[in-house]
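Q: Below you will find the structure I want to go over with you.
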Amino acid sequence: MTLVLNTLESGDYSEQINAIVAGKGTKVEIINTASMRIAHCIGCNQCWLKTPGVCSIKDDYESIVKKLVKTDNLWIVSDTRFGFVDYRGKRVLDRIMPMLNMYLTFRGGWMRHELRYHAMNVGLIYKGNGDQKLLEDWCERTAANIGGHSLGVIALDKESSSAAQQVETSREIAQAKTPNDFTQIKHIVIINGSPRARKFSNTDKILQSFTKGLDEAKATYELYSLSNRSEWDAAREAFMTNSRIIIALPLYVECVPGTLLEFLETLPTKRQQPAQLSFMLHSGFEEGHQLRLGEKFLKSLPAQFGCTYGGCLVRGGSFMIRMFNEKQTKAVLLPYRGMGEYFIEKGGFLAPEVKKFTGPEQIPCPFRILIKLLFKLVLKKKFKEFAKEWGCTEPLDSKPYK
């Protein structure tokens, strides 16, 4: 079966969509999601640890999951912003997590979660001014994440050059200062871009350690969490009126969370004064190369908001923070404290030493064998124990919609 999730809000593109996906020898179903109630994934992990395979959010997406378990080829139709899919397109991909389970494996040399059902191929049909190469890379990574291959990335149309011109205009504003001009400014606006509630957020725990480093460097900061929508107005105001900004976020389905994309789409693209925009990107997986596409996208954002790029702090290994004991958690978080001081001392995350902070770019083959053994003998048991504490009564790899 071929399933098409059309997230476009306006325009009738059914003829073009059918022409692209038809004739593949399978049944095709198109779902227009514009009128559906679909929330952002909140990263609660209940679909992995409490009600395996069943999302905790009770909205219209459950009907989509029931179709995904019968789907071989999945196409997403999306508008674009910032050269990437818009938040509506990203939102429907972020909610695909019930199709995976908590257990870990390696596919194609990359650490991945096990498939709950079967592999799916993924394709993207986009409208607007998208970055073709970025979208192709993202589609390939997303398909690999669920065991399949990319069906391709196809543009429906090309918008006028106004969007590109807007970026160029912002870039001219940003060039009014260089990164070094911000080093004397010791007040930092920090935006936690994770959709997970702050109380349970690994990103928040990372920031608690990082800000201790800021304190030691005699810097001040204000922190906003996008998981709490009541903070969005204040976060927007702080973003537009301050000169040093850090957005911290987890990797989400191979790029940034849909929640963060929605927030960014509400920001003005022009600002009256330049600023430095830096990022902290983390992932549960250890390998640095898992985060490089997200890093590439983040690097393109500052110029689109009249900012200079202050670098991106990239690090894996945050997956187990919620499950570690206090001593283990401190060991994982302590390096971020040092990077808080480092950020103030160096004026950002652009110095060569930042690359060393990431850790291994890819786990060598011999170590993968040892890690697989660790998964089998230790981590599976730990996941089961953790799930039992959450009240889980089903096997973590159960298939509720089979």
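The values are calculated or read from the model by the stated rules, or taken from the named source; none is laboratory data. The structure presented is a predicted model; accordingly, all values stated were derived computationally and were not measured. Note: ideal-geometry Cβ built from the backbone for every residue, glycine included; neighbour counts use all protein chains shown. Accessible surface areas use protein heavy atoms only, side chains included; no ligands, DNA or RNA. Shrake-Rupley method; radii C 1.70, N 1.55, O 1.52, S 1.80 Å.
Q: So, with a 1.4 angstrom probe, what is the percent of accessible area on the stretch 1-63 that is carbon and sulfur?
A: Looking at the stretch 1-63 in its full context, I get 49 percent from C and S.
Q: Nearest 0.05, what FRET efficiency do PHE200 and ILE30 give at R0 = 25 Å with Cβ-Cβ as r?
A: Efficiency, from the Cβ-Cβ distance: 0.10.
Q: Amide H neighbours of ILE247 under 5 Å, at least 5 residues apart or on other chains, H built in the peptide plane: list them.
A: The list, which skips near neighbours in sequence, is ILE191, SER278, PHE279, MET280.
Q: Restricting things to alpha carbons, find the Rg to Rh ratio for the chain using the Kirkwood radius for Rh.
A: 0.96
Q: Can you tell me the convex hull volume per residue for the stretch 21-87, based on C-alpha atoms, in Å³ to the nearest whole number?
A: 122
Q: Looking at the calculated P(r) for the stretch 1-145, what percent of the C-alpha pair distances fall above 27 Å?
A: Beyond 27 Å sits 19 percent of the P(r) for the stretch 1-145.
Q: Also: Could you work out the helix-only [θ] at 222 nm for the chain, with each DSSP H run of four or more residues adding -39,500 (n - 2.57) and the total divided by the number of residues, to the nearest 500 deg cm²/dmol?
A: Using -39500 (n - 2.57) per qualifying helix, the result is -10500 deg cm²/dmol.
Q: Sequence neighbours fewer than 8 away in the same chain don't count; with that in mind, list the lysines whose C-alpha is under 25 Å from LYS133.
A: LYS24, LYS90, LYS158, LYS296, LYS299, LYS355
Q: Between ILE185 and ARG229, what FRET efficiency comes out of the Förster formula 1/(1 + (r/R0)^6) with R0 = 45 Å and r the beta carbon distance, rounded to 0.05?
A: For ARG229 and ILE185, the calculated efficiency is 0.95.
Q: I would also like to ask the following. Just add up the charged neighbours of LYS218: K/R +1, D/E -1, any other residue whose Cβ is under 13 Å from the Cβ of LYS218.
A: -2
Q: Something else now. Can you tell me the FRET efficiency between SER10 and GLU114 if r is taken as the Cβ-Cβ distance and R0 is 25 Å, rounded to the nearest 0.05?
A: 0.05
Q: In Å², and per residue, what accessible area does the chain have when probed at 1.4 Å with the other protein chains present?
A: Here the residues of the chain average 43 Å² of exposed surface.
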